[in-house]
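Report on one structure; see the data block that follows.
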Amino acid sequence: MAPKSSTRVPLSVKGPIDCPYEGKEMLNLPQFNRGTAFTAEERDLFNLVGNLPAALQTLQNQVDRAYDQYSSISTALGKNTFLMSLKVQNEVLYFKLLQDHLKEMFSIIYTPTESEAIEHYSRLFRRPEGCFLNINHPEYIERSLAAWGTEEDIDYIIVSDGEEILGIGDQGVGAIGISSAKAVLMTLCAGVHPSRCIPVALDVGTDNEQLLEDELYLGNRHNRVRGGRYDKFVDDFVQCVKKLYPRAVLHFEDFGLPNARRLLDTYRPRLACFNDDVQGTGAVTLAALSSAVRVAGIDFRDLRTVIFGAGTAGTGIADQLRDFLNTQGISKQQVIDHIWLVDKPGLLLKSMHDKLTSAQRPYAASDDRWKEIDTKSLSEIVKKVKPHVLIGCSTKPKAFNEAVLREMAKHVERPIVFPLSNPTRLHEATPAEIFKYTDGKALVATGSPFDPVDGKEIAENNNCFVYPGIGMGSILSRADRVTETMIAAVVKELASLAPSEKDPTGALLPDVADIRDISAKIATAVVLQALEEGTARVEEIEGIKVPRDRDHCLEWVKEQMWQPEYRPLRKV
């Protein structure tokens, strides 16, 4: 049982804001700057008279102006750059603009546009954002992290070493881009205060020759450090996190296949940590799959699944399916026997044991059952397995071709097809192609946004449906671990919110436009599960008990969520 405490969870989302700055210095700090929305009294109090035009405007006036400016930009990357510039000028305006135009701007601040921005990180660089930790100077880890505040100031830390980013591979120090983007979504989706997240890049070098040869590249100009020195660097970082911010949640992001699962397994028993590529991708996929199975009328016990692409995401999905069904009373081995993984060598077989990762090995198929079959042909694998579910995490465009999809549709009434690779250009198939080659029978979810096809809404299998809520729920409960039962509670909650729950023709996941309400409900599920199983370290806050019934707990969670609004300023 975790130790209980009445320790306050200091989110500071209401009331006046203490400000020790004034004049031009204040205008250059995005968390305090309000530009033309400073009132006459504030302009006088903070020595801003003469530094701003005479007009006194509202936040909505500023949002309207910013949206006009945004709309005048023709390219997605240009829009991304504009928004990043706004973020470092006026934090409240940035988040309010995103909140008001969430569905339109989501693909600009995250996949697929953010991957393009990360690819060009060193050439687009204007201002540093986040914490950069250098493997060649591990002695500065604690000092660098400590600069972000005390243990009372930080709730969430997102770290990446940039080896496998958004389907575009090794981006070296560009890892800070994905850590920062995920931090933005923690605030936008779940209401975590923007000043309470630390985006971190672990600069361990890069094996991307294009970056190493680029004279403008900003990271360490050597190949990736691996082995004992790498492990020591990561461990030093984790130990500093535990020392400086013992109540914070640690989020691993876009680590490479050799490290992602290994690091998660190493640290998850020791602190509240979470790997979005393993657990987040698995959880949101499982929620979409739960919706699809319900619509198709399939028993989970009978489900046959082929996962094309057995990297971090693919094995993470397999593991989440195994662990979730195990919580439903189905043995792990029974689930494993109904999952087939396909990667660059083809179907993963037991004879490949020495070439497989520890995450892949449990799913390797017996060679005896695959004699005389071309195990490198996806259509032949589909013909043999007759899967209900085909999931793509390969970044191999058009892999789900006509032959594969028509073969699948021969054997099951409602093929469940999830091409999840990012960005959009790397999808295994488009929804239109899937519907065409399955005669409209398929149930579809994709890794990036797509327009409706013949009136059918396409579910976007986006991790943002789960990780912000998991993070916020873990923060509020001060969970000492992120457990499989907490993830299972998230899967059930998200699946219950899908339009297909009420209408079989509806999307398999809810609309991203509702992400804030969804995140609050996910966080509530996490808080209640943490309280039930004893992983929560907080049962009351400032003398108020955390509600244990769902409706009151949801209301309480929403009260803790930061809102982009200009609160009163108090000079200190």
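The values are calculated or read from the model by the stated rules, or taken from the named source; none is laboratory data. Since the model is a prediction, treat every value here as computed from it, not as a measurement. Note that we place each Cβ from the backbone using ideal geometry, even for glycine, and neighbour counts take in every protein chain shown. Please note that ligands, DNA and RNA were not included when accessible areas were found on the heavy atoms of the full protein model with its side chains. Shrake-Rupley method; radii C 1.70, N 1.55, O 1.52, S 1.80 Å.
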The one condition in (1) outside any helix (DSSP H, G or I); (2) surrounded by 13 or more Cβ atoms within 10 Å (Cβ to Cβ); (3) modelled with pLDDT of 95 or more that A2 fails to fulfil: (3)
Residues that are surrounded by fewer than 18 Cβ atoms within 10 Å (Cβ to Cβ) and within 19 Å of D514 (Cβ to Cβ), drawn from segment 85-101: Q99, D100, H101
Set V278, V241, V225: member being β-branched (V, I, T), within 20 Å of G316 (Cβ to Cβ), open to solvent by less than 40 Å² (accessible area, probe 1.4 Å) and touching a residue at least 40 places away in the same chain (Cβ under 8 Å): V278
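Every residue, every condition in (1) surrounded by fewer than 24 Cβ atoms within 10 Å (Cβ to Cβ); (2) within 17 Å of the chain's Cα centre (by Cα); (3) assigned by the TED database to the domain that holds E142, yes or no:
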| residue | (1), (2), (3) |
| --- | --- |
| H251 | no, yes, yes |
| A260 | no, yes, yes |
| A287 | no, yes, no |
| V293 | yes, no, no |
| A296 | yes, no, no |
| L303 | yes, no, no |
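For (1) assigned to a loop (DSSP other than H, G, I, E, B); (2) more than 18 Å from N462 (Cα to Cα); (3) at pLDDT below 95; (4) touching a Ser or Thr at 6+ places or on another chain (Cβ under 9 Å), each residue gets a yes or a no:
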| site | (1), (2), (3), (4) |
| --- | --- |
| E413 | yes, yes, no, no |
| F418 | no, no, no, yes |
| S421 | yes, no, yes, yes |
| E428 | yes, no, no, yes |
| K441 | yes, yes, no, no |
Enumeration of residues in segment 344-360 that are modelled with pLDDT of 95 or more, small (G, A, S) and open to solvent by 40 Å² or more (accessible area, probe 1.4 Å): S351
Cβ-Cβ under 7 Å pairs, at least 6 apart or on other chains, segment 432-459 side assigned by the TED database to the domain that holds S421, far side modelled with pLDDT under 95 and assigned to a helix (DSSP H, G or I): S448/T424; P449/S107
Criterion (touching a His at 6+ places or on another chain (Cβ under 6 Å), open to solvent by less than 10 Å² (accessible area, probe 1.4 Å) and not in a loop (DSSP other than H, G, I, E, B)) met by exactly one of I158, I141, I118: I158
Among the candidates L426, L378, L420, L443, residue that is more than 28 Å from L349 (Cβ to Cβ) and surrounded by 19 or more Cβ atoms within 10 Å (Cβ to Cβ): L443
Residue satisfying condition, being over 30 Å from T483 (Cα atoms) and not aliphatic (A, V, I, L, M), within set S358, S331, S379, S394: S379
Test result for L497, modelled with pLDDT under 95, more than 20 Å from L264 (Cβ to Cβ) and over 16 Å from the mean Cα position of the chain (by Cα): no
Among the candidates L497, L476, residue that is surrounded by fewer than 24 Cβ atoms within 10 Å (Cβ to Cβ) and either on the phi > 0 side of the Ramachandran plot or out of contact with any Gly (no Cβ under 8 Å at 6 or more places or on another chain) (or both): L497
Residue in segment 239-257 that is in contact with a Pro (Cβ under 7 Å, 6 or more places away or on another chain) and among the acidic types (D, E) present: no
Check on G219, at positive phi and open to solvent by less than 40 Å² (accessible area, probe 1.4 Å): no
Segment 45-60 residues that are within 19 Å of L97 (Cβ to Cβ) and among the polar types (S, T, N, Q), paired with ones that are modelled with pLDDT of 95 or more and not in a loop (DSSP other than H, G, I, E, B) (beta carbon under 7 Å, 6 or more apart): Q57/T36; Q57/A37; T58/A37
The listed residue being in contact (Cβ under 8 Å) with a residue 60 or more places away in the chain and over 26 Å from R196 (Cα atoms), out of A296, A260, A248: A296
Any chance Y437 is under 25 Å from L378 (Cα atoms) and among the hydroxyl-bearing types (S, T, Y): yes
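Let's see how each residue does on (1) open to solvent by less than 30 Å² (accessible area, probe 1.4 Å); (2) under 18 Å from V238 (Cα atoms):
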site	(1), (2)
N136	no, yes
G149	yes, yes
G172	yes, no
G177	yes, no
V192	yes, no
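For (1) modelled with pLDDT under 95; (2) outside any helix (DSSP H, G or I), each residue gets a yes or a no:
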| residue | (1), (2) |
| --- | --- |
| T285 | no, no |
| L289 | no, no |
| G316 | yes, no |
| N326 | yes, no |
| I330 | yes, yes |
| P362 | no, no |
| R369 | yes, no |
| P387 | no, yes |
| I391 | no, yes |
Candidate set from segment 218-249 (those that are among the small types (G, A, S) and not in a helix (DSSP H, G or I)); member that is nearest to the chain's Cα centre (by Cα): A248
Which numbered condition R570 misses (of (1) touching a helix residue (DSSP H, G or I) at 6+ places or on another chain (Cβ under 9 Å); (2) outside any helix (DSSP H, G or I)): (1)
